Amino acid sequence: MISRSYQQYAIVAADSAQTLTEQLNAKLVELRDKNPTVTFEGLIARIQYTESERIPETLDEEYELQGVRLTCEDCPFFTPALKADGTEDLRAKWGGCPFTESKRTDRRSRACEKLFEMLNDGRVRICVTE
């Protein structure tokens, strides 16, 4: 993911100190998450703040920007480790994966690009359960 930041400016001008204060405070609330700094020249306030943007480089990063973070255990191709009696071993942190070289992965690892490709082209769907 590429992250970029750049400086921006907002100017607040008024004809009275009271009006300037009200307008400036409103603008500072709007910019509160952007590290604003203020300089004054009479009844003009210059606000300098930082804008940031994140540009995804891969498909999984595009999903991440939308708030979707999947792990290997969310993948329908993940096969959990089994106990001798054939039930899932909930203690094991690993499981099988047909897409890795070793055919094994940590269940909490970030899902691979292959899963996101299959989600995008409709070969895989993930359902949310309550």
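The values are calculated or read from the model by the stated rules, or taken from the named source; none is laboratory data. All of these numbers come straight from a predicted model, not from anything done at the bench. Glycine also receives a Cβ, built like all others from the backbone with ideal geometry; neighbour counts cover every protein chain displayed. The protein model used for the area step is the full one, side chains on, heavy atoms only, and it has no ligands, DNA or RNA in it. Shrake-Rupley method; radii C 1.70, N 1.55, O 1.52, S 1.80 Å.
Rounded if a/c is under 1.5, else prolate if a/b beats b/c, else oblate: with a ≥ b ≥ c from the C-alpha gyration tensor eigenvalues square-rooted, which is region 46-93?
prolate
Per DSSP H run of n ≥ 4, the term is -39500 (n - 2.57); total these for the chain, divide by its residue number, and report the mean residue ellipticity at 222 nm rounded to 500 deg cm²/dmol.
Calculated from helices alone, the mean residue ellipticity at 222 nm is -7000 deg cm²/dmol.
Region 32-72: which trypsin sites (Lys or Arg not before Pro) are DSSP loop and have at most 13 other beta-carbon atoms within 10 angstrom?
Filter output for region 32-72: 69.
Compute the relative contact order of region 1-108 as a whole-number percentage, counting only Cα pairs closer than 8 Å that sit 6 or more residues apart in sequence. Show your work: numbers first, answer last.
Values: 142 pairs, mean separation 25.0, N = 108.
Result for region 1-108 is 23 percent.
Are there GluC sites (Glu not before Pro) in region 43-85 that DSSP puts in a loop and that have at most 14 other Cβ atoms within 10 Å, and which ones?
Those satisfying the criteria are 57.
With +1 on the Cβ of every Lys and Arg and -1 on the Cβ of every Asp and Glu, and nothing else charged, how large is the dipole of the chain about its Cα centre, in debye rounded to the nearest 20?
For this selection, approximately 400 debye.
Under 10 Å, Cα contacts only: if you run a Gaussian network model on the chain, which one of 27, 93, 114 comes out with the highest mean-square fluctuation?
Looking only at 27, 93, 114, the biggest GNM fluctuation is shown by 27.
Step through the residues of region 27-34 one at a time and calculate ³J(HN,Hα) from phi using the Karplus curve (6.51 cos²θ - 1.76 cosθ + 1.60, θ = phi - 60°), rounding each to whole Hz and writing x for Gly and Pro.
5, 5, 5, 4, 9, 4, 8, 10
For the chain, which whole percent of the accessible surface, found with a 1.4 angstrom probe, sits on carbon and sulfur atoms? Kindly include the intermediate steps, with their values, before the conclusion.
On the way: 4580 of 9410 Å².
Carbon plus sulfur share of accessible area: 49 percent.
Compute the signed sum of charges (Lys and Arg +1, Asp and Glu -1) over the other residues within less than 15 Å, Cβ to Cβ, of residue 56.
-4
Between residue 93 and residue 66, what is the FRET efficiency for a Förster distance of 35 Å, r being their Cβ-Cβ separation, to the nearest 0.05?
On the way: r = 27 Å, r/R0 = 0.78.
So, using R0 = 35 Å, E works out to roughly 0.80.
To the nearest 10 square angstrom, what accessible area does residue 5 show with a 1.4 Å probe?
Spelled out: residue 5, probe radius 1.4 Å, area about 90 Å².
At q = 0.12, 0.28 Å⁻¹, what is the log10 ratio I(q)/I(0) for region 1-72, with the Debye formula run over Cα points and no solvent?
-0.49, -1.18
Going by average Cβ neighbours within 10 Å, how do the peptides 11-19, 84-92 rank, with the highest at the top?
So the peptides 11-19, 84-92, ranked by packing, come out 11-19, 84-92.
Hey, which aspartates and glutamates would be in cross-link range of residue 103, C-alpha to C-alpha under 18 Å, not counting anything within fewer than 8 residues on its own chain?
73, 74, 88, 89, 113
Tell me the Rg and the Dmax, in Å, that the Cα atoms of the chain produce.
For the chain, the Cα-based Rg and Dmax read 25.1, 81 Å.
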